[in-house]
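A quick write-up on the structure given underneath.
No lab work stands behind these numbers, since they all come straight from the coordinates. Everything numeric in this text was worked out from a predicted model, so none of it was measured. Reconstructed Cβ throughout: ideal geometry from the backbone, glycine too, with neighbour counts over all protein chains shown.
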Amino acid sequence: MEHEAAAAQHNEHPPTTIRQYVMIGLILTVLTVIELWLSYSGLPHGPLIAALLFFSAVKFVIVVALFMHLRFDHPLFRRMFAFGFVLAAILLVALLGLFWGDHASTDLVGGIPEGAVVAGHGDSEEGEAEGEGEPAGDPAAGMVQGIPVAEFFQANCVACHGPNREGVTGLGLPLLPSVLDQPDEFYHDTIANGRTGTAMPSWTATKGLTDADIDALVQFIKHVEP
Amino acid sequence: MAAAHEVQHHTSTGVDNRKLLMWVFLASECLFFGTLISTYLIFKGESLVPPRPEDVLDIPLTSASTFVLLMSSLTMVLAVYGAQHGRIGMMKGMLLCTVLLGLGFLGFQVYEFMHFVHEGLSLSTNQFGASFYVLTGFHGFHVGIGVLYLTSLLIGSMRRHGLGRDRDLWVDTAGLYWHFVDIVWIVIFTIIYLMPH
């Protein structure tokens, strides 16, 4: 009986020594330092993300296999954890696949040539490359679907963004020149495609706004005080 | 000894049910954090108003707290080693170190949250605020639970009969929970702090 119990106990105990545990801790620290160095190294985004994910995965496996003893433990534990982990990975891929469509459209709008955006400024024909955020024509005089931009805003946007564009808590953010600090393309994309995680719908889909309409709105909210 | 042996063989799976329960729980936790991490990634770059990650995240500070949590995993595994090899003094000392390092990590997190709120980032400011606070907040909550869990073991080990004949099982199971909290942070640290914004 004593012998059996000792044997069972021996099976439970991983063979790792204190010295080895300390070495593993040291290796994990070194890997973290490498990750940190990589994040400051100025590598292009693609290889950087791949390298960071790789080192993160290595640390993950080391902790699970050696600190949590999964390498030496009963296969049932391994299967149980693998089941949850694989399910979580599938969930992550599925969610990103479902909701990352908006990012693709952001890239698309970001890629619209400068001229195409400028051409959308109401009746303005100047077309010269303006600095970021500088309106080409009078931003208050733009037209959206044949009606003045301010009127369109009052009829369609105030329910969520407030009559004076001050925002409505829990619904729409303030749309004042002082707070809109992103490039025009960002707001263009938000109006055209909506914004994941908010009540903002796609106005291209719901109202059929054209790029020119949207651009008039962007210039209006970015440059005209209420 | 005989009783411990008996307990071990009374399950149809051949493993202790309490330890199996912890692994099943951790498997479900993978889904819990997987969902929160997915949400963070989906909302990444979607914030309409500042502050954005690059405005507020302090990578050197978080690297220090990451090191603290990593070291707590080392002290935890040494506590398990002590429990399994009958070195009770080592087990208690390492449990205490783990609790203190866990508290240190929480201290860093409280400081970080207060700093972010001061910078104007709240749970409802933008998508970054919402997904960041929920993800790291739930992780911090898990660390807090872990600190209480380990403290209860530490107090238990101070009693006359210590943690009883299942001592190594109790400490081993608590260790699994603690290491899991550490591996979640390994992923969070990479995704939130190190990846380009």
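Computed from point charges on the beta carbon alone (+1 for Lys and Arg, -1 for Asp and Glu), the dipole magnitude for chain B about its Cα centre is near 720 Debye. Selection among B:Y177, B:P196, B:G45 by position relative to the dipole of chain B gives B:Y177 as farthest towards the positive end (Cβ unit charges, Cα centre).
Against chain B, whose longest principal axis is taken from its Cα atoms, helix B:59-84 shows a tilt of about 10°.
Taking the Cα centre of the protein assembly as shown as origin and charging only Cβ (+1 Lys, Arg; -1 Asp, Glu), how large is the dipole, in debye to the nearest 20? The partial results should precede the final answer.
On the way: 19 positive and 39 negative charges, 657 e Å.
Dipole of the protein assembly as shown, to the nearest 20 debye: 3160 debye.
Taking all Cα pairs closer than 8 Å and separated by 6 or more residues, the relative contact order of chain B comes to 32 percent.
Of the trypsin sites (Lys or Arg not before Pro) found in the stretch B:10-102, those in coil by DSSP whose Cβ has at most 16 other Cβ atoms within 10 Å are B:R87. Over the stretch A:176-226, the fraction of Cα-Cα pairs per 10 Å bin, rounded to whole percents and listed from the shortest bin up, is 27, 54, 19. Would you compute the Debye intensity of chain B from its alpha-carbon atoms alone, equal scatterers and no solvent, and pass along log10 I(q)/I(0) at q = 0.08, 0.11, 0.15, 0.19 Å⁻¹ to two decimals? The calculated log intensity ratios at q = 0.08, 0.11, 0.15, 0.19 Å⁻¹ are -0.33, -0.57, -0.91, -1.26.
Give the average over all directions of the projected area of the C-alpha convex hull of the protein assembly as shown, one decimal, in nm².
Working: hull surface 94.1 nm².
So the mean shadow area of the Cα hull is 23.5 nm².
Sparsely packed loop sites in the stretch B:127-192 (the trypsin sites (Lys or Arg not before Pro) outside DSSP H, G, I, E and B with at most 11 other Cβ atoms within 10 Å) comprise B:R159, B:R160. The residues neighbouring B:F189, those whose beta-carbon lies less than 14 Å from its own, together hold a net charge of -3 under the Lys/Arg +1, Asp/Glu -1 convention. From its DSSP helices (H runs of at least four residues, each -39,500 (n - 2.57)), the protein assembly as shown gives a residue-normalised ellipticity at 222 nm of -22000 deg cm²/dmol. Restricting the trypsin sites (Lys or Arg not before Pro) of the stretch A:40-96 to loop positions (DSSP other than H, G, I, E, B) with no more than 16 neighbouring Cβ atoms within 10 Å leaves A:R71. For a paramagnetic label modelled on A:A205 (point 7 Å from Cα along Cα→Cβ), amide N atoms under 17 Å away belong, within the stretch B:37-72, to B:43.
Legend: calculated FRET efficiency, B:E54 to B:R165, from the Cβ-Cβ distance at R0 = 45 Å, rounded to 0.05, equals 0.25. Think of the protein assembly as shown as having a plus end and a minus end, set by charges on the Cβ of Lys, Arg, Asp and Glu; of B:G82, A:L98, A:Q20, B:G82 sits farthest toward the positive end of this dipole.
Shown here is the pair-distance distribution of the stretch A:129-211: with all Cα-Cα distances grouped in 5 Å bins from zero up to the longest one, the shares run 3, 12, 20, 30, 24, 9, 2, 0 percent.
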